[in-house]
Every structure is written in structure tokens, then in C-alpha cells.
Amino acid sequence: MFSFGNKLNSYLGQAKDMLHKAESLLQNTESQGSFLTEHDTNDDGKLTVQELKKSFDGNRDGFLDAKELQHLALKAGASGLDSSTVKALGAALASAQSELPLFTKSPEGQWNAAETINEMKQNRVSALPFSDTPLASRDLQSVAKARKGLFRVQEQEGNSCGTTSLSMLLKYFQGHSLENSVTTIDKYIRAQGKMEFMLPNGQVKTVGLDGYTAPRDIVKYANQQGMRAGLQNNSSISALKRMLDKGVPCLCLTDWNFGENGSHPSNAAPDAQSLHWVNVIGYENQTNPKTQKTELVLWVANPHGLIQRVNEKEFDKVWAGSGPGLELQIPGNQRINTGMQRLFVAMVPRDEEAEVVAPDGSVRKAGDISIPTGTDGIRGKLAQIGSEVMQKAGVFQDNLAKSSVQIKNEVQAGWEKDGVWGALKNFWGGDHSQAVAIRERAKTANPEQKAQIVNELLNASINRSHIQQLVYDILKDASWTEFPALIQAIDMRKLATRLEDDQQAGQVLAWVAKVEVKEGKTGPKFDAFAVCLAQNHREGAIEAFLNSHYTREGQLLHKVPAAAVRLMVEKLLEGVTDGAEETAIYHLLQGTSWQQFDQVLSRLNMATVASELENTQELGSLTAWVAELGLRTQHWSGLAEILTQLESMTEFGRADDVLGTALTAAAVKGRLGEIPDHLRKRMIDLMDDRTRWRSEAALQALAALKNIK
């Protein structure tokens, strides 16, 4: 009897569940119908692409971007439409004709998915919002139409596929700006220009240096523009799909065998004629009409101004190369294996809270998305150097050599020896003699000539470690008497930006300070260099300056105007700070004189500083200095601002430790009675909480405050 009762209860439970499911299905059908009817604006029983687009195209530009797709997904999901339908709707709104029906109503009043949606659902389409109307990459009025969340294909000029594809990616995540436009990106990471070289028979040839863009340069530039970028070599189609499903397009390096319009013809094999960057923005599964087999098809944004669909087999052929790895053909029908195979670059905003919208309208925080952190291999490094050597040759022959016949002869002799490919081969082999020759020539030049050489190096369209080292060496070789005139003729902000080695940049800043303090204090050259470092969050360079023996022995920081110190601190505080930046801020303030410290605090919001310094010991020591400053000057606003921050809900838990460290400091603990009453009361209130564990220092400080009569 007991067993039968259990079975009966089980059957009744199952029946109840089935009833709930049936009711839910009925409600979903009704809510889906309501959703579709609502957007059938002409009430003709056909919901078209144009009608649905009008409902969710908030800015009325004719396209659905990521935010608008998210809105569609929320409303459609609330009406019971599943994620695969939302994906299909998003792809249809991006690619289908405007009057194409998505759903149709039967005579009985039931809504049914049209062939377009059924096909896209069956094909499991997953694509980012895009427009296939191309933008002219070098026309700023044209690319200004790009906006955040809508992938706009651009049409490249010259061999700028890498920078054009990067521009598409940046504009998708950031919207239009000059910094993410091809005209700007080219100046930093793509080799271009012309050079002359001599053939063995004495004939002079002119070669256009329209060099390709190295993968690590793409990653580096993106990271400098507010993105968190990385690359992966020897990857797979599956890895691309995983990134796309999260809403992250992939920039892929291929050996694209071109048709007349830049498209990749079917069955074309890699030909080693040119490496080509393309963006993969989606995928789908299609039935091949010839074989009747299902195959994966990738949606590719080709910088020739095309949105193309390429099947997995064809794409993998040009992505993998003929090597193994991608190859390049050089004169003499020889091929160079780059060592790069199935390489892609991916990126998301550096702001961890930024939203990234997936093809199904779901949203992830950028900080939750894993980005690959691989490398392009040793040959990838050599390819980068190869791009550099071409750029060097062009820049020196076209610009630098005009200033000095001797330099022209020295440099040109090296490049003309075997032509550009010979120079490339020699440079890859480790022949840095040209850099040595230029450095030796600079040693005998006057300050004006030195500055000409440095400025030519700084103005190069690309910025490699070898160029940076040469700049640093020329500055290092200059005498102290030459140095003031030398830096006077150099753009210090550009120098700070281009010298990427923090130790070198910090040392140069110390040299600048040393020569400027002869006038009593540092001047505009120091200010420009230092503030630029802080603005770019180069805390390592600032630490290198503070630790330089020139800075320490000459107490150079004490000669820096308080306004410059304050500006450096404020620039480091901008955006999201990490522990290293916070420590640099701490050391900057620690190194000031009392007079500087007072002047800095008069204009610096100490509540902001306190909120950013996560290291409790550092904040406690800083609070002790602020309290000691108050005892010296009766200026208490800085301490009041720190207490305000500690009283906030986010900081309240560490108030004991901070104040315990500050109030037991040697210079403060014997003079607590001199602190104004209203500030002492606030400190007692912060620490007098017996429900929390308190350090020994906090208990001592609290007892001392309470004993003051």
C-alpha cells in the first residue's frame, strides 16, 4: 500500500509538471504572438526586416548596433523567443533585404517563422551587427559614420590591410575617433615610403616601402588605445567561434590569393605573394548544394570593402598557409617561412565593467572575457624587424640624409650593398652596424645636428626597440654642456611617448632635471616629459626617475614645482589604477619637501588619493605625513578629506588600521592634543567600534585620543 501510494504521488506530480509546461507553452505562444503583432506596424500579417528594424533602430540610421540588438534580445526573450531565434533575427536585420518577411500570420491567426528565419536558425547563424556598405578608410568624413557596436567594413588604400582591419575593430568597440582611424594608425605601425637601391649590374631601382603590419604592433597599438588585446598563433577555427560567441571579432592573418576585386576565389591556394589581414565577424552552418553536406561558413570583413562568406576549408587553407606556416616569396623565387600559422588577434575594452554584446544579445563584462596572450614566434619577431629595416631605409634616405652628406654616404652604403632584401636578410642575421655608424657620427655632431638625428628617429612611422635604443644612446653620449641645447630642439612629449623602456625614460627625465635645475628649478622640458609619462600611466618610468642616483644625490624632486608634482599625481590617478601606480603616487608624495607637500595638498583632493591607495600601510603613512603637515602649518583640510573618505561605507572597515598607523607615527603620537577637537572626535568615532577586530596600534591610538582632556 505504501509503495502504491508513492507511485501514485509520483504520477500525479508528473501530470502536474506536464500541465505547467503546457500552460507555459501556451503563454509563451500568446506572448510571442503579442510581440510579433506589436511590431507588424502595417497590420498585414507579415513582419518584415524593415518593420522590426524600425522598432529597435533607436537612432534611425538604418542599422542595428550592439546596444539595439541587446534591447531586441531583452524584449524578444521576455516574449518567449529563444536565443537561437534572437541570433537569427540579428543576422537577418544586418544582412537580409528590408522587405523580406521574418514571420507570417496564418488565416487562423497563428504566427509562423518565415523561410528566412527558419534557414538562419537551422544554419545556427552567429554574427555581430554589421553593415556591408563600405567606408573609405582614408576619408575622415566617410569613416566618421562608424559608430560603436556596429561593424563597418572599410576599403583600404595600398597595402594597409592590417591598419584598416585594426581600425574596423577599434571603431566597433569605441566609435569613431582620429586615434582609431587609418590615417593615424599608419603613422605609428605601418612602414611606408620609397628608397633607391643598386642592383649588382649598377642599375638603380626605386622600391615602394608599403610594408605590412606586424601582429605584435597591432596588439601594442590597441593596448595603447584603451583595449586589452592579445594574439594566438597556431590556433583553430573552434577558437574563433568561441570568441565570436562572446561578441569578440577576430583579426586573422592570411595568405589571401586575390581575385580582381580583392575577393578570395573558390579553390585558390595560398601563393606567398602577399600576407593579408581580415576580420572574422560571424559564422553559420550551411548545406553545400553540391555535396548536400553541412559545412561551416565564416563571415569575413575583408578590408577590400567586402563582407564575404568563406567556407571553413577554404578559409583554413589561406589561414594556415603553405609552409607549414604563412610564406612570403622574395626575388629569385625563394620563399621565407614566417612561422605564423592560424594566427589571430582579439581584443575587448580595458575597462573591466564595459559591456560586450554577443550575437544572441546577451551581455558580458569585458573583464570576464579571456583574451589570448600568445606570441607570433621568433619568425614573427623577425618579420617585425624586417618591417622596421624597410622603414629605416626609407626614412634615412628620404629625410635624414638630406641634412648630412656624410650620414647619407654611411647609411646608403649599407642599404645599397645587396638591395632592400639583402639588407633585410643582413638585419635579420643580427647586423646592427648601421645603428652603430649613426651613433658614432652623432658623437662628433653639434647639438643641432644631434637633434636632427633624434627628431628623424622620433618621427619614423614605426617605433622599434632598436630605434629607441639609438635615441637613448645619442642622448646618453651628449655632454652636460651640450644637453640643454639638444633637448631644447626635441619634442619632449614625443620623446616620452616613443621611449618605451621605463628605465631609459626615467633616466632621461633625471638628465633633463639635472640640467634644468641649474636655473634654480626644473622647467617646461621636464614638465612636458614627466606629465606625459604620468598621463600614459608609466609608473615604472617615474619610479626609475625617483631612484636615479642623479635624482637622489641632487635632491632633484625638491626642485620640481609643486604644480608639476600635483599634475603628475592627478594624471596617475586618472582611470583605473593598479598597485604599482598607487605605490608610485605614494613615493612621489613621500619624496617632496614640506613646502612642496603643503602646496601640493592645497590643490589636491586627498579623498580621491585615499580612495585609490589600496595599500593600508601606505595610506596610513601618508595620513601621518598629512597630520604632521597640519601640526607644522595648521593646514588641516587634507586630513579632513582623508577622514571623509574613511567614513564612507567602502573604506570604513580599514579606518582602524590606517589611523592606527598614522597616529602612532613618531612625529605625531606625542602631539595628538594639538589636532583640532572636531577632527579628534571623528577619528574616535571611526575607531571606537568594539564589534570589529582592531590592531594593537589602533587600540593604542584610540586610548591616547580618549585620554586627551
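Which ones in segment 626-636 are buried (at least 22 other Cβ atoms within 10 Å of the Cβ) and within 14 Å of residue 666 (Cα to Cα)? Reasoning before the result, please.
Filtering segment 626-636 for residues buried (at least 22 other Cβ atoms within 10 Å of the Cβ) gives 626-627, 630.
Result: 626, 627.
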**OP:** Considering only segment 98-134, state which residues are farther than 22 Å from residue 280 by Cα and part of a loop (DSSP other than H, G, I, E, B).
**Re:** 98, 99, 100, 106, 107, 108, 109, 110, 114
**OP:** Of the numbered conditions (1) closer than 23 Å to residue 516 by Cα; (2) free of Cβ contacts under 8 Å to residues at least 40 places away in the same chain; (3) charged (D, E, K, R), residue 614 fails exactly one; give the number of that condition.
**Re:** (1)
Subject >> All positions within segment 80-120 that are buried (at least 18 other Cβ atoms within 10 Å of the Cβ), under 38 Å from the mean Cα position of the chain (by Cα) and not aliphatic (A, V, I, L, M) >> reply: 80, 85, 87, 90, 95, 116
**OP:** Within segment 539-568, count every residue that is surrounded by fewer than 20 Cβ atoms within 10 Å (Cβ to Cβ) and closer than 20 Å to residue 503 by Cα.
**Re:** 10
Original post:
Going through segment 116-135 one residue at a time, which ones are acidic (Asp, Glu) and at pLDDT 80 or above?
Top reply: 132
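Being over 23 Å from residue 231 (Cβ atoms) and surrounded by 20 or more Cβ atoms within 10 Å (Cβ to Cβ) narrows it down to one of 162, 149, 158, 175, so name that one.
Numbers: 162 fails: over 23 Å from residue 231 (Cβ atoms); 158 fails: surrounded by 20 or more Cβ atoms within 10 Å (Cβ to Cβ); 175 fails: surrounded by 20 or more Cβ atoms within 10 Å (Cβ to Cβ).
None of the others qualify; the one that does is 149.
For the structure I just gave you, tell me whether residue 55 is in a helix (DSSP H, G or I) and without any contact (Cβ under 8 Å) to a residue 24 or more places away in the chain.
Values: in a helix (DSSP H, G or I): yes; without any contact (Cβ under 8 Å) to a residue 24 or more places away in the chain: yes.
The answer is yes for residue 55.
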**OP:** Report whether or not residue 45 is out of contact with any Pro (no Cβ under 8 Å at 6 or more places or on another chain) and touching a residue at least 24 places away in the same chain (Cβ under 8 Å).
**Re:** yes
Original post:
When segment 476-515 is examined, which residues are found to be in contact (Cβ under 8 Å) with a residue 40 or more places away in the chain and touching a Ser or Thr at 6+ places or on another chain (Cβ under 9 Å)?
Top reply: 506, 507, 510, 513, 514
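The values are calculated or read from the model by the stated rules, or taken from the named source; none is laboratory data. Given the structure is predicted, the values throughout are model-derived calculations rather than measurements. Heads up, the Cβs are rebuilt from the backbone with ideal geometry, glycines too, and the neighbour counts pull from every protein chain shown.
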